[in-house]
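Worksheet: one structure, shown below.
The values are calculated or read from the model by the stated rules, or taken from the named source; none is laboratory data. Owing to the predicted nature of the structure, the values given are computational and were not obtained by experimental measurement. Cβ sites come from the backbone with ideal geometry, for glycine too, and all protein chains shown count toward neighbours. All accessible areas refer to the heavy atoms of the entire protein, side chains included, with ligands and DNA or RNA removed. Shrake-Rupley method; radii C 1.70, N 1.55, O 1.52, S 1.80 Å.
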Amino acid sequence: MDYNIPLFDLNYDDKEENAVLDVLRSKWISTGPKSQELEEMFCEYFKVEHAVSLTNCTVALHLAMEVLGLQEGDEVICPSLTFVATANAIRYVGAKPVFADIKSEETLTIDPEHIKKLITDKTKAIVVMHYAGFACEMDEILSIARENNLKVIEDACHGPLSEFKDKKLGTIGDVGCFSFFSNKNLSTGEGGMLLTNNRELAEKAKLMRSHGMTTMSYNRAKGHSTSYDVVALGYNYRMDDIRASLGIVQLGKLPEDLEKRSKVRFAYERALESVNNIKVPFKNHPYFSSNYIFPIVLSENVEKSRDEIRDLLHKSGIQTSIHYPPVHLFDIYYDEKERGLSKTESVYNRLITLPMYGKLAEEKVDYICKKLKEYAV
Ligand SMILES: *Cc1c(COP(=O)(O)O)cnc(C)c1O
């Protein structure tokens, strides 16, 4: 079905087309100067020491686990209300994801109090996910990590240029991971970035993204080196320059796009004030957010099911989604089913993601909210 109002719309114009054409004409299409330029731009925009461009965020998370030395037998605490890659990456290194509940219907991010209860002798790290671009409670989480000698990995896929106090999300823990999948705030089709202020971790990540080789093809092509050694069992997790050139244009556009998204959120909040049966999470969140998505939570007294309401919205031409089916309820995590993440499960049954993108017009927001008022009874 072709929706009149899609969930997301790419923020692309001829700038992206021209950037790709320039790379094609340069004849250097794999990892090279554009990937490096994108990394330098990330360091500048995110005020961080090191940026490592990668194929996607799933591998960024995998490398984060590896460079932090996580391994078989370790436990890593993570949310369940997230994309499955957050948890799967923990298993890639043989460690075990231990799922924590969300804080509340208002604050859909990981609950620091629940993290404390889940810590055992085996716990080595915490993965946080800044839902919709709203910062997790990082002061509490960092202090729990310090007290228990745990690493902190930020799955910051939802939050490029989002903030917590004076810092950008993804630069607060040991390592931050970003995705440039098509529907993210910054889109390159596939793509990812690992950020860290730790030089040693960045160097390990760079080594591991390219087969554990001590030099990359571009350096050899440029005559900077003629040979290489292989010093670790690495992967091919490199981003190519075609995608990096898209990333450069997209990152340049991001601040303006995020301002527009803030206005869209504001329009939603205003239009939903008169709708009794719907709650907007993160209503009084104090820090700047990228507004990657716009989630709403139906009140418990709404008689129609979440799925019936979604169907009605779809019939009115409005595309919606759910972020996310809880990871601990998926079949491959079947032994986690009884974890009793009551807040995650309760909110999941009442959660709907509404359309969100910079160009979403206020009239459309009003139309969506009018339909919701009609259906959410
Ligand atoms: C998109 C996303 C990922 C996966 O990113 P890919 O680049 O598609 O691998 C991981 N975690 C979260 C929270 C995401 O939104």
Notebook entry, point to check: In region 55-69, which residues are under 15 Å from Glu154 (Cβ atoms) and either part of a strand (DSSP E or B) or over 18 Å from the mean Cα position of the chain (by Cα) (or both)?
Noted result: Val67, Leu68
Notebook entry, point to check: Which pairs have Cβ atoms under 7 Å, sit 6 or more apart or on different chains, and link a residue in region 200-220 that is in contact (Cβ under 8 Å) with a residue 40 or more places away in the chain to one that is among the aliphatic types (A, V, I, L, M) and open to solvent by 20 Å² or more (accessible area, probe 1.4 Å)?
Noted result: Met208/Ala232; Ser210/Met216
Next item on the list: Could you list all residues from region 82-108 that are more than 16 Å from the ligand (Cβ to nearest atom), open to solvent by 30 Å² or more (accessible area, probe 1.4 Å) and without any contact (Cβ under 8 Å) to a residue 60 or more places away in the chain?
Entry: Gly94, Lys96
Note to self: I need the full set of residues from region 53-81 which are more than 14 Å from the ligand (Cβ to nearest atom) and either open to solvent by 10 Å² or more (accessible area, probe 1.4 Å) or not assigned by TED's automatic domain parsing to the domain that holds Leu201 (or both), in order please.
What the structure shows: Glu66, Leu68, Gly69, Leu70, Gln71, Glu72, Gly73, Asp74, Glu75
Notebook entry, point to check: Of the residues Tyr45, Tyr12, which is more than 15 Å from the ligand (Cβ to nearest atom), closer than 30 Å to Gly317 by Cβ, touching a residue at least 40 places away in the same chain (Cβ under 8 Å) and surrounded by fewer than 21 Cβ atoms within 10 Å (Cβ to Cβ)?
Noted result: Tyr12
Next item on the list: Kindly establish whether Thr86 is among the β-branched types (Val, Ile, Thr), at pLDDT 95 or above and part of a loop (DSSP other than H, G, I, E, B).
Entry: no
Item checked: Residue check, Ser162 within 16 Å of the ligand (Cβ to nearest atom) and open to solvent by less than 10 Å² (accessible area, probe 1.4 Å) -> yes
Check: Can you name the number of the only condition in (1) open to solvent by 10 Å² or more (accessible area, probe 1.4 Å); (2) in a loop (DSSP other than H, G, I, E, B) that Glu140 fails?
Finding: (2)
Check: Taking region 150-159 on its own, how many of its residues are under 10 Å from the mean Cα position of the chain (by Cα), open to solvent by less than 10 Å² (accessible area, probe 1.4 Å) and not charged (D, E, K, R)?
Finding: 3
Next item on the list: Would you confirm whether any residue within region 298-309 is basic (Lys, Arg) and crowded, with 16+ Cβ neighbours inside 10 Å?
Entry: yes
Notebook entry, point to check: Just checking, which of Leu313, Leu360 is surrounded by 13 or more Cβ atoms within 10 Å (Cβ to Cβ) and in a helix (DSSP H, G or I)?
Noted result: Leu313
Check: Residues Glu105, Glu154, Glu113: which one is part of a helix (DSSP H, G or I) and acidic (Asp, Glu)?
Finding: Glu113
Note to self: Can you pull out every residue in region 296-321 that is touching a Pro at 6+ places or on another chain (Cβ under 8 Å) and under 14 Å from Ala376 (Cβ atoms)?
What the structure shows: Ile296, Val297, Ile318, Thr320
